[in-house]
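Notes follow once the structure below has been shown.
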Amino acid sequence: MSKELMYILITKMHLRLNDLIEKNNFDLLNEEVLHYSQRLDKILSLYNRIVQRDKTYAFSLSHLNKAARCN
């Protein structure tokens with residue numbers, strides 16, 4: 001997966017998680033919130049493993065800015 005796609009995926013998932021948290025009255029123990037949070041954790045772990053293997057894959061503000069505009 002390209003850097004740009006990974007950033008877009010993480011950004012969209014983070015925004016969706018925020019929406020779920022608000023929708024469930026900030027109940028972080030809600031089953032739907034917990035489930036989606038675990039999915040995001042898996043993606044972040046995958047990203048971390050990729051960055052550890054390939055240092056050129058690391059965080060870039062320009063890519064993150066592009067990802068934020070794609071929501």
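Every number here is computed from the coordinates shown, using simple stated rules; none is lab data. Given the structure is predicted, the values throughout are model-derived calculations rather than measurements. FYI the Cβ positions are ideal-geometry reconstructions off the backbone, even for glycines, and counts take in every protein chain you see.
Numbers for the structure displayed
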quantity	calculated
Matching residues, region 25-55, being surrounded by 15 or more Cβ atoms within 10 Å (Cβ to Cβ) and not in a helix (DSSP H, G or I)	Asn30
Residues of region 1-24 classified as of a type in the set (A, V, I, L, M, F, W, C) and either out of contact with any helix residue (DSSP H, G or I) (no Cβ under 8 Å at 6 or more places or on another chain) or loosely packed, with under 15 Cβ neighbours inside 10 Å (or both), total	3
